[in-house]
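Note sheet for the following structure.
The values are calculated or read from the model by the stated rules, or taken from the named source; none is laboratory data. What you see is a predicted model; the values in this text were computed from it and never measured. We place every Cβ from the backbone using ideal geometry, glycine too, and count neighbours over all the protein chains shown. To get the accessible areas, we keep the full protein, side chains included, count just its heavy atoms, and leave off ligands, DNA and RNA. Shrake-Rupley method; radii C 1.70, N 1.55, O 1.52, S 1.80 Å.
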Amino acid sequence: MTYDAVILAGGAARRLGGADKPALRVGARPLLDRVLGACREAGRTVVVGPRRPTARPVHWIREEPPGGGPVAAVDAGLRRTMAPVVLLLSADLPFLTGETVGALVQGLGEAEGVLLTDSDGRDQPLVAAYRAEPLRREIALLAAEHGGLAGLPLRLLTADLKLGRLHHPTASFDCDTWEDITTARARIREHGHVLDEWIAAVKAELGIDLDVDTAALLDLARDAAHGVARPAAPLTTFLVGYAAAQQGGGPEALAAATGKAAALAARWAEEAESTG
């Protein structure tokens, strides 16, 4: 389903002492860039807030008046979208993934919106997919009823929408306090997450979008280290990546290069055993 994304990246961040929250780093990447990575399939991405460097191109806009609150920000972002579905996100979601974004968009069905609920079961309207026209309808009604949108709470915007819900305590985790930032930084370094997080950070830093078969590369590194010499592990994986790039890159080229190097490592080890 085609969708655009609107990310709210303004706000005063009072509970963070006025820090520039979207620029705070978790896993060595700004929070905003982590969110941008999760919604990279969006047809158009609009960020509402002050301009800043980002990992990929986006459209920038400010709410009127600046600092006018979340409903005014949603209105500003929505005006720059064209798709029938809009993904609405805050810029402080360190664990949002493309898989969760896909579940939100594909889960719309007959609903006017689908949002995540957090660990306490509370609605998170800034981690949600909405049909654009109902959002525009509610914004117009609120503007007429209140004489404007500045200062209105977000719950007024979603109160009369027909909503579906997905419970996802991890993807809905947001960073409102320094304690939240510390928790997020610790979580990505846990054993079950650290490799995936590191690979995602490296891909973002190098500007590549490639599905990495981590298990195959680790097996290759192990075989090279054990069958040849320990320094052969990083050198071999580097050469595999270079060879894949020479063949045009992509998952197929990487898998082919990995397979060739793995077979070579096996032959090398067999020869060593026969002469040992």
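Some notes on this structure:
- For ALA253, the criteria (1) outside any helix (DSSP H, G or I); (2) hydrophobic (A, V, I, L, M, F, W, C); (3) open to solvent by less than 30 Å² (accessible area, probe 1.4 Å) hold in every case but one, which is (1).
- Scanning region 45-87 for residues that are under 20 Å from VAL105 (Cβ atoms) and open to solvent by 20 Å² or more (accessible area, probe 1.4 Å) returns ARG56, VAL58, HIS59, ARG80, MET82, PRO84.
- Qualifying residue in region 97-106 (condition: of a type in the set (Ser, Thr, Tyr), farther than 24 Å from CYS175 by Cβ and assigned by the TED database to the domain that holds ASP176): no
- Of everything listed in (1) among the polar types (S, T, N, Q); (2) closer than 26 Å to ASP92 by Cα; (3) not in a loop (DSSP other than H, G, I, E, B), the single unmet condition for THR258 is (2).
- The single residue among ALA225, ALA263 that is open to solvent by less than 30 Å² (accessible area, probe 1.4 Å), at pLDDT 85 or above and either touching a strand residue (DSSP E or B) at 6+ places or on another chain (Cβ under 7 Å) or not in a loop (DSSP other than H, G, I, E, B) (or both) turns out to be ALA225.
- Restricting attention to region 91-101, the residues being out of contact with any Cys (no Cβ under 8 Å at 6 or more places or on another chain), open to solvent by 20 Å² or more (accessible area, probe 1.4 Å) and touching a residue at least 60 places away in the same chain (Cβ under 8 Å) number 2.
- Scanning region 125-148 for residues that are closer than 21 Å to GLY67 by Cβ and either open to solvent by 20 Å² or more (accessible area, probe 1.4 Å) or of a type in the set (S, T, N, Q) (or both) gives PRO125, LEU126, ALA143, HIS146, GLY147, GLY148.
- Residue within region 180-202 that is open to solvent by 30 Å² or more (accessible area, probe 1.4 Å), assigned by the TED database to the domain that holds VAL26 and within 30 Å of ARG131 (Cβ to Cβ) present: no
- One residue from GLY164, GLY151 being closer than 27 Å to LEU24 by Cβ, among the small types (Gly, Ala, Ser) and surrounded by 13 or more Cβ atoms within 10 Å (Cβ to Cβ): GLY151
- Subset of region 8-44 (residues that are under 22 Å from PRO153 (Cβ atoms), of a type outside the set (A, V, I, L, M) and open to solvent by 20 Å² or more (accessible area, probe 1.4 Å)): GLY10, GLY11, ARG14, ARG15, GLY18, LYS21
- Contact annotation: residue pairs with Cβ atoms under 7 Å, 6 or more positions apart or on different chains, pairing a residue in region 188-217 that is in a helix (DSSP H, G or I) with a partner that is open to solvent by 90 Å² or more (accessible area, probe 1.4 Å), are LYS203/ASP209.
- Filtered residues of region 228-250 (kept if of a type in the set (Val, Ile, Thr), in a helix (DSSP H, G or I) and open to solvent by 30 Å² or more (accessible area, probe 1.4 Å)): THR236, THR237
- Against the conditions (1) open to solvent by 20 Å² or more (accessible area, probe 1.4 Å); (2) over 30 Å from ALA28 (Cα atoms); (3) hydrophobic (A, V, I, L, M, F, W, C), PHE173 satisfies every one except (2).
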